[in-house]
1. How big is the accessible area of Asp57 in square angstrom, nearest 10, if you roll a 1.4 angstrom probe over the protein chains?
2. Could you check the spin-label model distance between Asp154 and Thr42? Points 7 Å from the Cα along Cα→Cβ, value in nm.
3. Taking amide H atoms as placed 1.01 Å from N in the peptide plane, list the residues 5 or more away in sequence, or in a different chain, whose amide H sits under 5 Å from that of Leu67.
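The values are calculated or read from the model by the stated rules, or taken from the named source; none is laboratory data. Here the structure is a predicted model, which is why all the values come from computation and not from measurement. Virtual Cβ from ideal backbone geometry, glycine too; neighbours counted across all protein chains shown. Ligands, DNA and RNA are excluded from the accessible area calculation, which covers all protein heavy atoms including side chains. Shrake-Rupley method; radii C 1.70, N 1.55, O 1.52, S 1.80 Å.
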Amino acid sequence: MMNGKSYESRLIWRPVVALVVLVVFVGISYIWQTSREVTGKTIEREMLSLSADASEDRLRELGYLSLSEANSTNAVANFIDDVNANRQSVLRMIEDDPSGDGPKVRVLMFDLYQEDLGGVTTSDHAVTVSKASGPGQIREWIYDCSTRQWVTYDKRFSRDMRVRVEDGRHVVDLVNIPSHYPIDSKWKGSDERLTYS
């Protein structure tokens, strides 16, 4: 026969055990998610870790692709779809190097945690935001493996991309966000173009 007091004490512990299980589950989910999340610092560390004599084959093994390859169309289209759907995305590319000095790598990352200041215009002392297309910015890094120097460091673009076909090739125009940079910054620049087959 069950004692009434022990039955009540077991009833009290059930919600406590359920709460502990829930907290453990949420904690493990948080740790798993944050360990898989890509940040600007993650991209920078990854690029800085590339060896100076990295070959294009080695870069392909690491997930970089050349935009002249057949599979580049799908990769770029997937990146554009992810940007339009507000999903974090990374596109790793090998830049064509006509000088033959060594490969340059280019990474575009859609960072949905950065505010998009699309349509920003600047004057002498004022910044006017004429349009914001939603959360997120496209960030770009270009790194020269052979010289171990940044060509472009964390350049920012609006998520408003213009995609068109020109001479049988797809062209993506990325709109620069100039107010991200200090006035004297050497990284401050113009819009960029991404061309692929």
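1. Here the accessible area works out near 110 Å².
2. The modelled label-to-label distance comes out at 1.6 nm.
3. Those qualifying (amide H under 5 Å, at least 5 residues apart or on another chain) are Ile94.
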